[in-house]
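This report refers to the structure that appears directly beneath it.
The values are calculated or read from the model by the stated rules, or taken from the named source; none is laboratory data. Because the structure is a prediction, the values reported are computed rather than measured. As a convention, Cβ positions derive from the backbone with ideal geometry for all residues, glycine included, and neighbour counts pool all protein chains shown. Please note that ligands, DNA and RNA were not included when accessible areas were found on the heavy atoms of the full protein model with its side chains. Shrake-Rupley method; radii C 1.70, N 1.55, O 1.52, S 1.80 Å.
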Amino acid sequence: MRKIISLFLLVVFCISVQAQNNVKGKVSGKVTDAATKKAVDYATVSIFKQGSANPFNGVVTDEKGNFTIGQLSEGDYVVKVDFIGYTEKVFEHVIISQAVPNAVLGNVLLAPAQNQLQDVVITAKKPVVENKIDKMVYNPANDLSAQGGAAIDILKKVPQVSVDIDGNVELQGNSNIKFLINGKPSSIFGASLSDALQSIPASQIKSIEVITSPGAKYDASGTGGIINIILKDSNVQGVNGNVNLSAGTRFDNASFNINARKGKFGVNAFFSGDERINSTTITKSNRTSYNNTRDTITKLIQDGSNAFKRSGYQSGLGFEWDITKKDQLNGSAGFDHFANSGTGLTNQQQAISDPSGIFSNIYSLRNSTSHFKANSSDFSLSYKKTFDKKDEELDVLYNSSFGNNASSYSQNQVYTGGLPPTSGQSSNNPGKDRETDISVDFTNPFTKSFTLETGAKAVIEHINNSVVTDTLLNDGTSTPDADQTYAFNYDRNIFAYYASGTFSLFHDFINGKAGLRYEYTSTTADFANTHIPSYGTFAPSFVLQHKLDETQSIKVSYSYRLERPEYNDLDPFYNVSDPHNISTGNPNLKPEIGHNFELGYNKSFDKGPSIYFAGFYRHNTNDMQTYTTYYDSLKVNGTKYTDVTLTQRYNIGTETTEGVNIYISLPVTGKLSLRSNSFFADRITTNPGNPQVSGFTYRINLNASYEFAPDFAAEVFGNYRSSQRTIQGTNPAFGFYNIAVRKQFWHKNASIGLTAANPFNNYISQTTTTSGSNFNQSSLREVPFRSFGISLTYKFGKLEFKKDKEDDQGDVPAQNKSQMPQGGGPAPQSPH
């Protein structure tokens, strides 16, 4: 790994030295309305290489109409200036040379269009993946194989992200990820992350941002980084919306969006619902365990099945109000619900032997049920104040989330021959949680090359939880179990302050961002015999980027991350739904500390191909990992269980992960394009007193799309994730493939799509191994994954784009406007 990074650095250094010998020029000018002589802000300025149909760089003009495009090598360029309602201005043969490095276009006069535009269809497309200085953005608008699916289906295709068959997500091999919706935390993720991600329809998602090295402005939590899910909205003038309907053999969903804006005020609303149709997973487990003297062997064989279903819905209402040109108020409210349930039958055989042979052989049948439901409400209000100085602004945000969830299980074991007698238990675990976030951020561009961001934030969390347990008696009745009936309260407050600077050095040779964040955490919980100390944390971060030329750049970053134990990790509630495999929380967990380093290289080529290479190194201390311990007998709050494994999370030494991620986009022809994302990493876990464990893993996927016609396309996507060694065994490999087609009609306002997942394989086999000093266990799951589906989408309404000239006292009628029906691609955004 170190050799790979060293070689990579040498290559990049050689390229950099060569690039430094090239002239770095710029094109500048000012855009003015030819009729009114007023500056045209937010006009688009694009620059092309001679003979190329696609721009390689571009900017929008500021409020005074000025623009500058820098970092240009010697060459012959074409510059185009455009804005809705004006005639495009084209400058041919703009020359950048050693003698004349700066091309000044002067005052560019845009003439208003003579005729009002009507029935214009917008067909511009965002790139599928955008690599920005501090994050990578995945735009799923044209992701055919995810149509009719959920957020989890899109995440499977996002660079640097991997997802297992149960919906567990890792970012660069790390599962400790902070998930946000529209840049804000939500209680929908608190109860069950996997359920939440499988309950957000793909049709609702505008983009997904992956931030592997978050800056000081972001919360320090999440050693793996941040994934921000951006939902669709609209702030253009007029009324528009869309309807999505999907049905399939495994998953059904429907969603509705509507957006309306008139002048300074806009509203948007959405509703979506989904259901995962009942499916049955086959399970098999074989465990061999030994007593302390290893002269008695117990074999436990479990063979059964579990029927499972999931459903949920989301709804939201938001508004945007431009009070004045410099004051904006936004608000939103949302309500989410999801639930799942399962029923299972498991045949069990427990055979105990010693050197003389088997002396106990017990057969039993276990019946089990589980139910989970969660309701969450989110409320948000934000205020933005801009100033006369460009990019100077004040942001104030209030966000509050309320969650109400409940989980329950029941199990009973019936023994062959009636001996021992039937045993069983049922438990209900209702709880409530609330999180309130208040933040203030201020941005001040002191100079053209330095901008300071600073701010403060308070996070206030409260959770209360209760456990009510009943035990099955020999006569078939139940009685309350006082030893396993209790209640908890949990409070955590986090107060933070940060300062961050964005800068350019050596005449834009290096662009960067660096900052420092301080967070103070105070936690109280009335768990028995538990005290959680308060602590303060300084979290530095930086990212540096150098553009070798207009087509390639390198960047290096570092971030200090913190993974706090969540309530579910700490909660000492014992889940005894399977009396031979019990799990519980660990109130003594400490925060995990992460140091993340990343080195990236990005290169784009003529006619569209691009490559992104990222090497990373991550070192975690107090690493939190799941650990399983075997007991001949275990007492849980007064009840004795025999032949049982207990699973908890512990702080296990250190973990070091070294790896690379490679993303390639290749438009083979005008109709065929390929995308591939590969991930290779080695994870080394060191636990004092135990041997060091090293586990290599990789993930490779390939996406091929073909456009038969402008309104008809097909896509094939395949993904394989290797198995990985853990501190106690191995996690299973996972592979799948999807096929999809989409036909658009009615001027691309409507579409129909067909999808198929693993059409030739009904089940995916998952084998997990776990071992300890006195046991070995192998578990097999046959998970139903094959599915077929159909999706329908319809867009409606008209969009209206205005170029308003307004002041703080009120609006002045728009000088130019155009109306157009909503078409098949993303619409240009209003200045707001």
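Odds and ends about this structure:
- At least 3 residues being in contact with a Gly (Cβ under 7 Å, 6 or more places away or on another chain) and closer than 30 Å to Ser408 by Cβ is the threshold, and among the strands (runs of 3 or more DSSP E) wholly inside segment 450-525 those reaching it are 450-472.
- Filtered by the rule that a residue be out of contact with any Pro (no Cβ under 7 Å at 6 or more places or on another chain) and either among the basic types (Lys, Arg) or assigned to a helix (DSSP H, G or I) (or both), segment 565-587 gives Tyr567, Asn568, Asp569.
- Considering residues of segment 242-253 that are part of a strand (DSSP E or B) and open to solvent by 40 Å² or more (accessible area, probe 1.4 Å) only, the residue farthest from Gly312 (Cα to Cα): Val243
- Selection over segment 56-86 of residues that are more than 39 Å from the chain's Cα centre (by Cα) and under 15 Å from Asp41 (Cα atoms) gives a count of 1.
- Every condition in (1) surrounded by fewer than 18 Cβ atoms within 10 Å (Cβ to Cβ); (2) over 30 Å from Gly403 (Cα atoms); (3) modelled with pLDDT of 90 or more is met by Ile438 except one, and the failing one is (2).
- First in segment 398-410 and closer than 15 Å to Val468 by Cβ and of a type in the set (A, V, I, L, M, F, W, C), second anywhere and open to solvent by less than 40 Å² (accessible area, probe 1.4 Å) and part of a strand (DSSP E or B), Cβ under 9 Å, 6 or more apart: Ala406/Phe372; Ala406/Ala374; Ala406/Asn429; Ala406/Gly431
- Test for Asp395: is it among the acidic types (Asp, Glu), touching a residue at least 40 places away in the same chain (Cβ under 8 Å) and either surrounded by 17 or more Cβ atoms within 10 Å (Cβ to Cβ) or in a strand (DSSP E or B) (or both): yes
- The condition of being surrounded by 19 or more Cβ atoms within 10 Å (Cβ to Cβ) and small (Gly, Ala, Ser) holds for only one of Ser408, Ser478, Ser427, that being Ser427.
- Strands (runs of 3 or more DSSP E) enclosed by segment 652-768 - at least 2 residues per element that are among the aliphatic types (A, V, I, L, M) and touching a Leu at 6+ places or on another chain (Cβ under 8 Å): 654-667, 693-709, 712-721, 734-745, 750-757
Every residue, every condition in (1) open to solvent by less than 40 Å² (accessible area, probe 1.4 Å); (2) touching a strand residue (DSSP E or B) at 6+ places or on another chain (Cβ under 6 Å); (3) under 28 Å from Phe788 (Cβ atoms); (4) in a strand (DSSP E or B), yes or no:
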| residue | (1), (2), (3), (4) |
| --- | --- |
| Glu275 | no, yes, yes, yes |
| Asn292 | no, no, no, no |
| Thr298 | yes, yes, no, yes |
| Asp303 | no, yes, no, yes |
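- Qualifying positions in segment 44-60 - more than 19 Å from Ala103 (Cα to Cα) and either open to solvent by 60 Å² or more (accessible area, probe 1.4 Å) or hydrophobic (A, V, I, L, M, F, W, C) (or both): Gly51, Ala53, Asn54
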